[in-house]
Each structure stands twice: as C-alpha cells, then as structure tokens.
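Structure first, commentary second.
The values are calculated or read from the model by the stated rules, or taken from the named source; none is laboratory data. Owing to the predicted nature of the structure, the values given are computational and were not obtained by experimental measurement. Note: ideal-geometry Cβ built from the backbone for every residue, glycine included; neighbour counts use all protein chains shown. To get the accessible areas, we keep the full protein, side chains included, count just its heavy atoms, and leave off ligands, DNA and RNA. Shrake-Rupley method; radii C 1.70, N 1.55, O 1.52, S 1.80 Å.
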There are 2 protein chains.
Amino acid sequence: MSGFSDIDGLIAPRSVAIIGASDDVTRIGGRPIAAMLKAGYKGRILPVNPKRDMVQGLPCYASVQDLPEVPDAALIAVPAKLVPGTIEALGRMGCRAATLFSAGFAEVGAEGLAAQHVLEELAKQHGMRLLGPNTLGVYNVDIGYYGTFSSSLDTGFPKSGNVGIASQSGAFGAHLGALARDRGIGCSVLITTGNESDITVADAIGWMAQSDTIDVICTYMEAVNDAPALLAALDAARAAGKPVLALKSGRSAVGARAAASHTASLTGDAVVADAVLTDHGAIMLRDPESMMDIAYAASKKVFPKQHSFGVITVSGGAGIVASDEAERVGLPMPAMPDAAQEALRAVLPYASPANPLDCTAQALNDPSLLEKFTRAALEDGGYGAVMCFLTYVAGSRAMSQVILDAIAPLRAEYPDRIIAFCALGDPEVLQHYDDAGILVFNDPCRAVRALDAVLRLGQSMQNRVTADLPAVTPVTLPASNPDEATAKTILAKAGIMAAPEQAVTDADQAVNAAEGFGYPVVMKILSPDILHKSDIGAVKLNLQDADAVRAAYAGIMAAVGEHAPKASVTGMLVAKQLSGGVECLMGINRDPTFGPIAVFGLGGIFVELLNDVAVRACPFGVDTAREMILSIRSAAILQGARGTQPSDIDALAQMLSKLSIFAAGAGEGLTSIDLNPVLAMPEGQGAYALDAVIEIAQEGAADGH
Amino acid sequence: MSGFSDIDGLIAPRSVAIIGASDDVTRIGGRPIAAMLKAGYKGRILPVNPKRDMVQGLPCYASVQDLPEVPDAALIAVPAKLVPGTIEALGRMGCRAATLFSAGFAEVGAEGLAAQHVLEELAKQHGMRLLGPNTLGVYNVDIGYYGTFSSSLDTGFPKSGNVGIASQSGAFGAHLGALARDRGIGCSVLITTGNESDITVADAIGWMAQSDTIDVICTYMEAVNDAPALLAALDAARAAGKPVLALKSGRSAVGARAAASHTASLTGDAVVADAVLTDHGAIMLRDPESMMDIAYAASKKVFPKQHSFGVITVSGGAGIVASDEAERVGLPMPAMPDAAQEALRAVLPYASPANPLDCTAQALNDPSLLEKFTRAALEDGGYGAVMCFLTYVAGSRAMSQVILDAIAPLRAEYPDRIIAFCALGDPEVLQHYDDAGILVFNDPCRAVRALDAVLRLGQSMQNRVTADLPAVTPVTLPASNPDEATAKTILAKAGIMAAPEQAVTDADQAVNAAEGFGYPVVMKILSPDILHKSDIGAVKLNLQDADAVRAAYAGIMAAVGEHAPKASVTGMLVAKQLSGGVECLMGINRDPTFGPIAVFGLGGIFVELLNDVAVRACPFGVDTAREMILSIRSAAILQGARGTQPSDIDALAQMLSKLSIFAAGAGEGLTSIDLNPVLAMPEGQGAYALDAVIEIAQEGAADGH
C-alpha cells in the first residue's frame, strides 16, 4: 500500500475529464456530467468525445490529447477494448488518477483478468492510480463531485455530512448511500472499488482516516485483497479516533471447506476475518440497517466514558422493552441513587424513578418534569447515554417546541453525554431535535443497540490497549510432518509442555517407562503417517499395570497392521496419564488471508457442538491469551464452576501465547498445529499438551526455511 | 373468561356516552369527541356534563339519567371518586360496556386496588363489562370510533386495515399504532386494557380472533393475569388461521423490576411464558419493529407451503448479505435446478443464477430480465418467497411503472407465493408495488427475518399438530416432602423408573442388598429433612465391595450426625451404580401463572452454564416429549455425537411424558420435582432416575399461589 493522500486527486479532483462523454443523461458517460452540473461541481468538467463539439452544454474535446489541461481525475466510460489506449494517453499527458467504469475485465473470466493486468501495468508505468475497472465510481458531496453513474441519484442527492462509505460492491455501496440519505444521515463521500485492480477498499478507508471531512467510516467488503493494507488502514482510523463500521459478507460460505486438521474446521474465513478486523478496531456488523443506526449515532462525535444507560419514559411499557433489549446486548442500566429517586418522587408521586425512570404521561402536561427527570439521569445517574421515550408526542407540532426547550439546554450542559429520543412523526419535526444534537430513533430496541455500540466505542477509546505484540524469532521446521514425539520435542523448545512421556520400541521398554512414571499410563503409536490415531485404535488409555501395557502394545501393533499397513512406524509413545484437569484444545491454522491464527476452546462437545472458541491472529502476549481464554462462553468451567477447583489459567495463557509466537516464527512453512487435548490442571499445577500434531506445508510453501 | 363477542359493544358501539365530556379538545373528556367528529363516527355521540348544554357542537346531557337512549358504550372521564356512582347509574339504565379512562386505582397502591374492587363488584352486579380503569381506550377505524384520548392522533389518524393491536400498556399500544401508521400498515383496531379489572388482553385477542375485520393480531403484555383465558384466546386465533405476534416484556432483571412497579401484578418467568405461549401458536418477539415487519408481511394473508427462499438481485453484494442472514435465521435457500440455471445463462451470459440469482445491473436496462429471473425462481425454484433486491432503482419514478408491469402479473400467476421487493425511495412510488400485492422492505435483513417468520407460519398452518394431550388422573400426594425412597416409589407407580435399589436400616442389610444387585453400588441417607444430600457428605459413590459398603454406612451416619443432627433418618438407600449412560436432568416446577412446567436438559454444565433446556407446560404426550428432548442444542450428545452410542431417547421421552402427566394429576399440592441425574442408557437399555426429590406445597400454599 502506498500512502493514503495520493488518491486525493481521485476523490477530490479540481478538474475531471470524462472519456466517452455523452449527451444522454441516462448513459454511463452522461450521468456523471449531468449530476455534477446539477450539484454545482466546484471544479472543471472536461468532456471527451470525438463525435461532438458540445456535451450537455459544455465544450467537448475530440481526444485526451486535445484536453486544455491535465485533469486531476479521468472518468473512463469507453468499451473495454479502448481502455488501454485511453490510459496510455492520459498517463503520457500526466494524469495521475482514473476511474474505470468500463466492465468486461476480471469479473468476466480469465481473458478479462489478463486484460485487466495490462491496464495495471500501463497505469504503473505512468504512476497513475486506478479505481476499478467495473466500478460505480466515487462521489464527494462537499465539492459537488459525482464521478459515478449510479442511478441512486435519480431518487435524490446525498446529504452532506461526516459519514463516509467505502464499498467493494458498487450497487451495495450506493444502496448504503441511499439508505443514509433516506434516513437523513449526512454522508459526503462514497467510494466503490469494483475489481480493485489497484485501489482497494483499504485505500478508501485509509483516505477517509486522514480526511478532514469524514469522521465515521462505513465499509462493505466481500474479499480481503490486501490484508496488511486493510489492517494498516484500520489502525490509521483508530489512531484518528474514527470508528470503522464493517459489513463483511460471505459468512454462509463458512464450513464448506473440507478441513485437514481439527483446528482448521473451527476457523472458517468469516470467523477469522471477524476476529482479526475486530482486533484492529473495526465494528463488525451483519446488516446495513444497524450500520446506519450506529453511523448516525457516532456521527455526533460524542463517545461517553461511561458504558451505562438511562431511560426516561412516558410509558412504563416502553421502558421495559428498552430494558430487556439493554440486558440482552449487555448494556448496563444501573438504578438511580436512592436520594435522587426520593427527590424525583417528591416532584412526582407515583413516579417510578429507578431506571427506567417513568415520569408518566404527566410529563406531557408538564414538560418541566421531563427536564427534571432527564437532568437527574445525567447528573445523579451519571449515565453515558440517556434516552427519552416520547413516541408520537415528540413528533407532534404542538409539543415539539416545548420539548425542545426543555431538553436542548441539557445538551450544552452535558456535552460529553448522549441524549436520544425515541420518537415517531413528521421527519421535519424530528429534524429539529437532531439539529439540536439530540439523536432521534423511532424504534427503542434499535436505539438501544446503536447507543450500546457507541458507548462501547467510547470505552475502547478510553482503554486504548498498549500493543501486546511479543518478539518473534524465526523457527526452523522439519521438512515433513513430525511424529508425535518429535512434535512435542519441537514445541517443548518453545516452552510448550507435554505430559511426562517416553518413546519406546518394544513392550519391555514400554513397561519400564510406565513403571518410571507410575501408573496409569496411556500408549499411542508413533507414526508420521497416522494423524488421527484414536480413529484406528492406535491409542490405549488408562493402562493400570504391566500386563495391560503389554497387551496394549500388541493391540496397537495389530490395529496399525490392519488399518494402516503401509504407515511408517517409529515406535510407541508411553505417557503418564494425567487426570483431574479440564480438557482444552489449542491450535494454529494458517489462514490464506491473515496468516497463522490461534484457536482456543474447551475440549470435546464444547468445541464440536457449541463452536465455543476464541480466535486470534498470531503472535500475541500472555494478557491477550488470558483475555481469549476468559472470553469463551464456557470459561466458567475453568474458573471453578460447580465447586470444582479453578484451573491453571495462567499456565494455559502462557502456553497459548508461546504457541502463537512459535507459529508466527514458523512462517508459511507451518500449515497447522493441533494440541488436543491440552489438560489444564488445577491452579498452580500447570497445563500439559497430551497430544500434538504439526502439519508442515507441502513442497514449495516452505522455501523460506 | 366469558365469550368474545360480548364485548362487541365496547369495540364497535352504535352509540357512545362520554361522561365528563369537555369542550377542550386537549382534555381527556374532549379528545374522543373531537376525534370521532373528525373521523366521522358512524354512531351517535352522547356527551354528559352537568355544566354544559352543548359540547363541541353536540347536545350535552346533564347526567347519565338524562341520556335519551341506553348507549352501547360509555367512556368515563371523571375523577376516581365519581366513578362508582357513574357506573351504578350506567348499570341501572342498562348500559353493558364502559371504558374507564380515570386513573387512581390499582396502579397507585392498596387503597386504589380496594377502590377498583368496588368498581368490579358494581359492574358485575349489572352485567356490565369494564375496560380499565387507567386505560387509554379503544379505537376502531372502520366505523370512525375513537374511544380513546391518545395524543397519537395529533400526528395523524391510523390507516384502515386488517391488523389489530391488543396492549396492556396504553402508551406502548398507541406507539405500536403510530408505528404501523407511519409505515403505511393498515391497523383498524387498537384495544388497550390498562389495569384489567375485568377485560384483559386475552379478551381483546379473543375478540379479534372472531372479528371479520382483523386478520393479524399484535399484542403487547407485561403480565398474564388470566392464563387459561389467554391460552384459549390464542387457540381461537390459531383455529381461525390468524397469526398472533406477541411482545411480552419484563424479560430482564431490570425489565422485571420495572414491570412490577408499572402494573399491579408480577411478571411471570419469561422463559416459561415464551414456551407456553409459543406452544399455543403465538410468535414471541422482542422488539416492536420486527412485530410490525411480520404483521405487514402476514397482512397479505399469503402463507406459502414451502419454507424456502429465493433472492433475485441486481447487486451481488446484496444477494450475499441476504443469504448470510437467511442462513443465520435458518431459512433454506436451495439452489435453482441445473436446467433452469442453464436456461437463465442462455438469456444472460455471466449471470450467476444459482440462488441468489444475480441478474446484474443489466436488468435495469432490460426489465424483461427481471421478469424472467423472478418467474424462474417461482416456477423452477419453487421458492415459498422470492425477494428482488432493487434498492433505489425501484424507488425511481422513471423505472417504477416498467418494474411494476414486469412483476405484477407474476403476483396473479403465483397467488400462493410471496413476492417482495427490497427498495428505497419515495413512499408514494413504493406504495404502487404494495398495492399490487408485492411486499416492500427497505432493508434486506429485516425482509429476510419477516419473510422467514411468515413462511414458518405457513409451515405451522400446514402441519397443524393433532393435540398431544394425554389423559390425566388425579394423584394423591403425601402431606409433606417424602424421602428419596418414598419419592421413587411414588414415581414408580407413575411408570418412572429408578435404578435397582433397596432401603436398609443397618450395614449388614446394606451389604446383602449390594451383593444382590452386584457391585459397584451407591449409598445415600434416607431422610425427608435432607434435600441436598451430597452437600453434607450423605452420598457415597462407586462402592466396590462389602468393606466399602460398611465403611460408607458408618461414614454417612457420622456425616449426618455432624451436619444434620436434628434430621429424622429413616434408613439408608443402597442402589446399583449404573454407568455408561448420559446424565440428564428432568424436573417439574410449578409456575404461578401457568401451573406445572416440565424441564428437560443434559446434566451439569449444560444446564447450569449454558441454560440449554427445553420447557413445556404439563401434561404432554410422548411425541411432544421427544420433540423437547431433540430441541436442546446439546441433543447431538444423546444422538451419538463423536462416535459414541446413541442414548435411549424413547425411554427418556416416555419418562418425561409420564412425569408431566403425574405433575398435572398432582395439582397445586406439588411444588417441584427434581430427577437429577436421570441416566439415559444406550439405545434399548432404558433411562433411570438416580435421584428423586419431590417438594410438597406447604400448608395453605395450595389455596392459590
């Protein structure tokens, strides 16, 4: 990724040439010109078309060469076969940014992809940045720039404001823009990146991160084409205090992949992308509506310190519905202090001023009650956000000024808190509240969800995490999959402990080893060719004496002979059987986009049926590892639920962090690691990997080592 | 509950008297008159006020006695202290329905409750039905009847239509009404029940179930004041094929606190209410917005047979977002048949016609493509619902007629299927689609959720369950809590099996019993006073021989002597220790609202940490029991996950059903039963209660909770 500001010319050009300009305002080459003329574009519009002298009332040039100046940006709306020549001409004259509306490239198959590569090469030669091909383009409301042919403009122009949209999909990006407009949300910049031959959604986010006009960034993406650039852009946005609300689609493709290792099956693309992008500060969303709700709430740039919520209501019912939703999403609603409750009861007997604070329909006759309750919630309740459920009353013209006069002054008195109304009615009436800095929602539950998100943003801005990135040293891996004993030896060097164990090659050695550790013991075949040993009977547990060990030795050999006769066998592993701990699973899986990803969960059904795992990009330190461990739903089992002893979470966290550092050091040569089970012993007694499988990348991928 | 039609006079009166009529259109006694005059009420308005001759241009009567006719309904808007006399006068003259706006009754405490009881008595004497007190009233758009003082009318009158709202909360009910109106949803009847001294939300639902005008019933409730009436009303709605969409608040701790203070009654346990009401066909919702989305979709009265979904899109991105949401909610999106895909590809190369069917932006230039893809989805895909993602394009005036002409004929050709648009833009433009029977949503995810709900309704209407209500015979319970052996004997008579066991009174008998069953055995104290035996060391497991049995006998006696010296001890229980099964939990808990409720879950952490249980009102048959068992998230463990043997689910289902029948027969004398654990043995080997605790209601408690 290059810097972010070098695409200024693309998004905020002072002049734009339209190659393939048309008089027909419904055509791709006509729409942008019509839109810019209508919106009063502050730059110069330079139509290019060999067949015309004038286009839409503007002088038209026969060719790029005939342009009277070097345009900051070019919009290319010519058939695919004419695009290379156009780029060549633009590049020669010094144009540094082109938006390629033209379709017929990577999106139509191999031939198109080859043609697209030609464009990339040409542009690179001339130091030109490309948006597209197959893009719907860009708009920038504040300068009236409409480098787009989106028909969303037919139903109205966007409203100026500090929300920006960066979308891979043109139509979906424009849908988000229209959604924002129809909700009255100011959204000045839309960038759609299409085929991403050069500029990606990461560049668009990065540009918004350093832009003066955009404070909230909405992004829609389908594929991450440049992971380091995307993470850098998210980091830049976070550093600038700008929330990034992300909708990454393609979730349902998860699980389709047949996974070689157990860990891989737990880390579908969507889960990994969610975890990694969240880790870099993005708010991952599922639907466009919640994106717009949160963008709206965040656009006021009030991010309170307190993750707490107060509800003022004129209807008990609404207060309860809002409280239920707050509890569901984990937004705390502490009760008002007793003294404050008493004071409010003195003002209004029969009020229910705990939280929700029900000031009853009486507040509609006497709006000073609304002011008193809201002030008390802000001052005495100290809530980060206060919502007044006013429904149709706030939407009535008769009441709106009185309500505004009662509440607007509180906005100025408590500038670091959020005041929201849940209100229905004429949008014009409701706009007055918004203009006064009061958020307006029409649904109490959507309001709760959006406010919770903004309050969480406030929290994360408060608790800016110091980077927990441990040092990584390169790890040398064996050339092929190691057997279990070797795997454990490799991991032991990285500080990851297994149970006491010994590799043996006959039954007598096995008995000797067992007597050394003390019974019971467990025995397993040692073979690099057998990854899932218990499936073929090559693992025997709970061996209590010498006879059992001998029988197990014979039994395993027989099983291997039957089920894996061609497997290379290096011996048998005898290990002390630990008990009394909690079975966990740790693993690493190399994600094609984000590199090695660590996974932690409890063993067995928790992982397999409930998919209760924590996922994180490697490497990370012990604090992060502990957070991961405590974040799973079943963490209470490790913390000593049901009167059992708490497990050694410190040891687990150490192990998980070390595993992540090992994986980061191993690089691309490592495909996966499965430590399953890891036994978490009671507090102070450690954690031990009882099995270890390391998968090495096949020939070619491990070249670096 | 009385019949439903006897409140006709209240909801559809031919004449209405307003007691406390006012000229001031902002007052409680003035608003209804003003609204009815404005809406053109089809009946006679009869104002009563001793101080006026005319009110709002109508002749006014000095007293109830002076009325020229017996009104079908009376609206009472006088201070609380004048209400009894008013009711008395109305009753004497033969009025049979009164709506009591007046507040100051049960909602303000004990004194008010007593005053409310007086009203109830008076009304009962005269055979008069009461709505309220403390109600916002009723409206019935189709006859212009506004027996309400809701200021929601200030922002506009509701639209006529086949959705009805029955709400305990006045303001929240009116909020729902305003929400419907602002979304263009026709909602002709709103009934708010306030303090429910007589008419409850159940009566309101029941009335709508048999009404000619209402097809979809929305209800908001905080407390269930008459459970049998509510369930009968839900059954009546289901029998009439009318969906009931229910929002029952008070789910959270905070919400429940607010609910208790808001109404005069306690909110029942949310999980139980959800389970019981769902069982009677209600769709339980959490937020008003999804209620309106589903009501809108259901109001078209198309409930397809197929629970499947097809998406036509002009933007790949939107198709993916919708598919992700469909997968999340469990709405199947099967791919189009291969032949149909090929046919569509012949029409539009590069189309992606699997499902979602992407007909690309090309469809906007050539709307016949849209028609072809949609027709194919209906005909060849056979989907129950098809959604076209058309975003701002469908909202553009230039395109709307073309799109309507392309799709509207399909509406008539496939009347048993749903066609929906996801569209943005001018509400007037979008209304044209709605008028043609095409559903319009502006958010793809909300559309998916609403359509899924309606398709599930279609399914449940198809698979109308034959009642699975077994016969119940009365059960005689002991007077106080039985000890474990007695509890098991009682349950054995009901067909619920425990492990082989024997009560003994000394160590020799214990050894004899153990040798009879075969080791290992388990031993426990027998005492009606010790409910949780293992907590005090009065249970010993895994006893392998006679010595262990003798030691356990002595140990348990010592433990009881130490920790429960005053407990009455009847002996010791020796039981065969079963192993190899899956530990489950079954129980009964008497809910104050819904009576005995059966609970089933897996043992230990599944229940305690994950709250993974199925809940159902008693009694029920074996089929229902099996459904419950298979409905828990961890059911796979019983079905043989991870290569283990499947458990005897038949035996579990038999046991659970028998337990439910026993509980139903036991009546109010039974407080709870805990069978924990129940061991589900491998298939064909039965299920056994290893422990049984029966709690008998304390003296007096059986009189009514």
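Separation of segment A:306-333 from segment A:151-205 is 33 Å, based on Cα centroids. Candidates A:208, A:10, A:46 compared by Cα position along the dipole of chain A: farthest toward the positive end lies A:46, with charges placed on Cβ. Each label was represented as a point 7 Å from its Cα along the Cα-to-Cβ direction; for residue A:14 and residue B:239 these points are 8.1 nm apart. Look at the stretch A:391-399: the mean tally of other chain Cβ atoms within 10 Å of its residues' Cβ atoms is 6. Looking at chain B alone, DSSP beta bridges between its own residues are antiparallel in about 50 percent of cases. By its C-alpha gyration tensor, with a ≥ b ≥ c as the square roots of the eigenvalues, how is segment A:297-381 shaped: rounded for a/c under 1.5, else prolate for a/b larger than b/c, else oblate? Since a/c reaches 1.5 and a/b is larger than b/c, the shape of segment A:297-381 is classed as prolate. Residue by residue, segment A:81-98 carries 3J(HN,Hα) couplings of 5, 8, 5, x, x, 5, 5, 4, 5, 5, x, 4, 7, x, 5, 10, 8, 9 Hz when phi is fed to the Karplus relation 6.51 cos²θ - 1.76 cosθ + 1.60 (θ = phi - 60°); x denotes Gly or Pro.
Remark: the Cα gyration tensor places the protein assembly as shown in the oblate category, a/c being 1.5 or greater and a/b not exceeding b/c. Heavy-atom surface analysis with a 1.4 Å probe gives segment A:1-133 a carbon and sulfur content of 54 percent of its accessible area.
Determine the relative contact order of chain A: mean sequence separation of Cα pairs under 8 Å and six or more apart, normalised by residue count, in whole percent. Provide the component values of the computation, followed by the final result.
Values: 1524 pairs, mean separation 59.2, N = 705.
Once normalised by length, the contact order is 8 percent.
Across the cross-link table entries A:242/A:305; B:248/B:658; B:51/B:159, which are compared at the Cα atoms, the separations over 24 Å belong to B:248/B:658; B:51/B:159. Oblate is the label for chain B. Its Cα gyration tensor axes, ordered a ≥ b ≥ c, give a/c of at least 1.5 and b/c at or above a/b.
Accessible area per residue for the protein assembly as shown, computed on protein heavy atoms with a 1.4 Å probe, is 37 Å².
Remark: for residue pairs A:533/A:576; A:493/A:566; B:488/B:576, the C-alpha separation exceeds 23 Å in A:493/A:566.
Cross-link partners of residue B:124 among lysines, defined as those whose alpha carbon lies under 28 angstrom from its own and excluding same-chain residues fewer than eight positions apart: B:81. Take each residue of peptide A:167-173, count the partner chain Cβ atoms within 10 Å of its Cβ, and average: the result is 6.
With a cut-off of 19 Å on the backbone N, the residues of segment A:275-318 near the modelled label site 7 Å out from residue A:347 along Cα-Cβ are A:309-316. Here's the list of aspartates and glutamates a cross-link from residue A:38 could span, going by alpha-carbon distance under 17 Å and ignoring same-chain residues fewer than 8 apart: A:23, A:24, A:142, A:154.
The residue A:631 and residue B:563 beta-carbon pair, evaluated with R₀ = 22 Å, returns a calculated FRET efficiency of approximately 0.05. Relative to the longest principal axis of the Cα atoms of chain B, the long axis of helix B:649-666 makes an angle of roughly 80 degrees. In segment A:267-286, comparing the full protein assembly with the chain on its own, the residues that lose 30 Å² or more of accessible surface at a 1.4 Å probe are A:286. Peptide A:445-457 shows a mean partner chain C-beta count of 1 within 10 Å per residue C-beta. Expressed as a whole percent, the accessible surface of segment B:309-462 that belongs to carbon and sulfur atoms is 52, based on a 1.4 Å probe.
Buried area at the A:B interface is about 5400 square angstrom, summed over both chains, from accessible surfaces computed with a 1.4 angstrom probe.
Mind ranking A:452-459, A:279-286 by how tightly packed they are, going by the mean number of other C-beta atoms within 10 angstrom, highest first? Spell out each step's value before the answer.
Details: A:452-459: 21.6, A:279-286: 19.2.
Answer by packing, highest mean first, reads A:452-459, A:279-286.
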